[in-house]
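Working notes for the structure below.
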Amino acid sequence: EWDLRTDKPSSTTTTATDGDSATTSTYHVSNPHKPMHPSCQKRLMQQPDAMQMLVSLLSSPLLTSAHEHLIWIVGSLSSSGINCPSKANNNNSSSSSSRSNNNSAATAAAAEVTKAMKSSTSGANANSNSADVSVSMPAASAAADLDDDSSNHKEKSSSSSVSARDAILAAGVMPPLLKILESDTQNLPLQRIGAWCLSSMVEGRYSNSSNDSSSSGSAPKRKYPDAEDIDILSLLTTLRRMLQVEDDEEILGFTCWALSHLCDGPAYHIAAVIYETDWTSNTLPPAAPQNGIIPRLIELLLHPSPKVAKPALRTIGNCVCAECTAPDNDSSGRGAMPVVDYTEVVLEYDAVPRLRELIDHEHREIQKEACWTLSNIAAGTPSQIQAVIDSGAIPPLVNLVNNENTDKEVRSEACWVVLNATSCGNDEQIDILINEGCVSVLGVLLTEASMVMMALEGLER
């Protein structure tokens, strides 16, 4: 019996049956913190029909007891970064005999997975919340590792392979996955693994890496994947429901990460998250829903668990740093969007007072993200700068900069709040910034060679 997490024989436990000892192998596969072992992933991805098999199994109404484990497999593959051969590459008739042997063994292993999942529907355990499954995979050990030559060949040519995540999406896994999650909303283990899987499927796919760039610059434009791979509104319907869960930080955390990845992409994603609708013209609704995603994210900024607060904060930060207008050259057929200042939407729901509270957070990463978000708000209009001033954020930011024990990256982002407010504020706001000690911040920046010119510009203002 094979453990897909370790690619080793599963650990055994002894149970008593009528006085006799019986050895069984059980394990909790549906754990996002323990995904499928890379070698198991590679063997599965080597199969030409692996993606179609997964979609077929997810779509089957006869396999409800295996859904949690199937979603775990999909999430593991999506987060792996592994490539699989394209169809053209799969049809290559010049494969070596060793590669053929590996394919045969992996086919047998895949068949065993299918057989085990089918048998789980007729087992005695009918509890859909159970995370236990015994999978017998005698053929998996025979599959060994991928042929090194064929693996290297695939990595040399990006045109002959695609990422596992793209292959999964192209196979149409999202509709049955969302249907499963919506059909069993009270099954918390299923919802946890589903939230992780959805986050894995969109992570990095649309990234502008906006949070990794300095507040002074903008990330380079990039071409986004085809919109047809994911129905954003259907996905958001599920994510919005998951966001309303009250007492499960794993579901909330993974859901917030999925939203942050979407909002790190094209502007139509951010518009969909904010307004929860699509558009066919150059107009958008006048306001975001009062009980929608953005108000809930702002509420979660003060969640006691950093696992929830940080991705919620990252999502709000990605919305705030997005451009007001977005002539994205995507393949969605939408064309240019209307001019929208997403920062104004965030400010309408009192995000700034919560961001001010996070300046003093005990976790460095949350401090840094809060300062980064405030720095982008302070780079906006005078009314947006005034919101930062009115929240009382400036004095604690000045204290962070002047405290030699402050983390270097936190201090840098705090400095950017002051620099941006100084550059974009009006004369009255400059007076307030002076009175609240911001000249000392500019003085600190004069000691850093890369910041001298900007500090001088701030002093000139």
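Points to keep in mind about this one:
- Test item: Cα-centred dipole of segment 411-461, Lys/Arg +1 and Asp/Glu -1 on Cβ, debye: 180 debye
- Rounded to the nearest 0.05, the FRET efficiency derived from the C-beta distance between ASN403 and GLU182 at R0 = 41 Å is 0.25.
- Built amide H within the under 5 Å cut-off of VAL162, gap 5+: CYS84, SER86
- In segment 349-461, the alpha-carbon atoms span a convex hull of 86 Å³ per residue.
- Using Cβ point charges alone (K and R +1, D and E -1), the dipole size of segment 344-418 about the Cα centre works out to roughly 180 debye.
- Note, ³J(HN,Hα) from phi for segment 375-389, Karplus 6.51, -1.76, 1.60, rounded to Hz, x at Gly and Pro: 5, 6, 5, 5, 8, x, 7, x, 5, 6, 4, 5, 4, 5, 5
- LYS8 long-range amide H proximity, modeled H, under 5 Å: ASP3
- If the chain linking THR381 and ASP49 were pulled fully straight, counting 0.36 nm for each residue of separation and taking away their Cα-Cα distance, it would gain 114.2 nm.
- Averaging the sequence gap over all C-alpha pairs within less than 8 Å and six or more residues apart, then dividing by the number of residues, gives segment 347-461 a relative contact order of 25 percent.
No value in this document is a laboratory result; all are computed from the given coordinates. All figures in this text were calculated on a predicted structure; none of them were measured in a lab. Note that we place each Cβ from the backbone using ideal geometry, even for glycine, and neighbour counts take in every protein chain shown.
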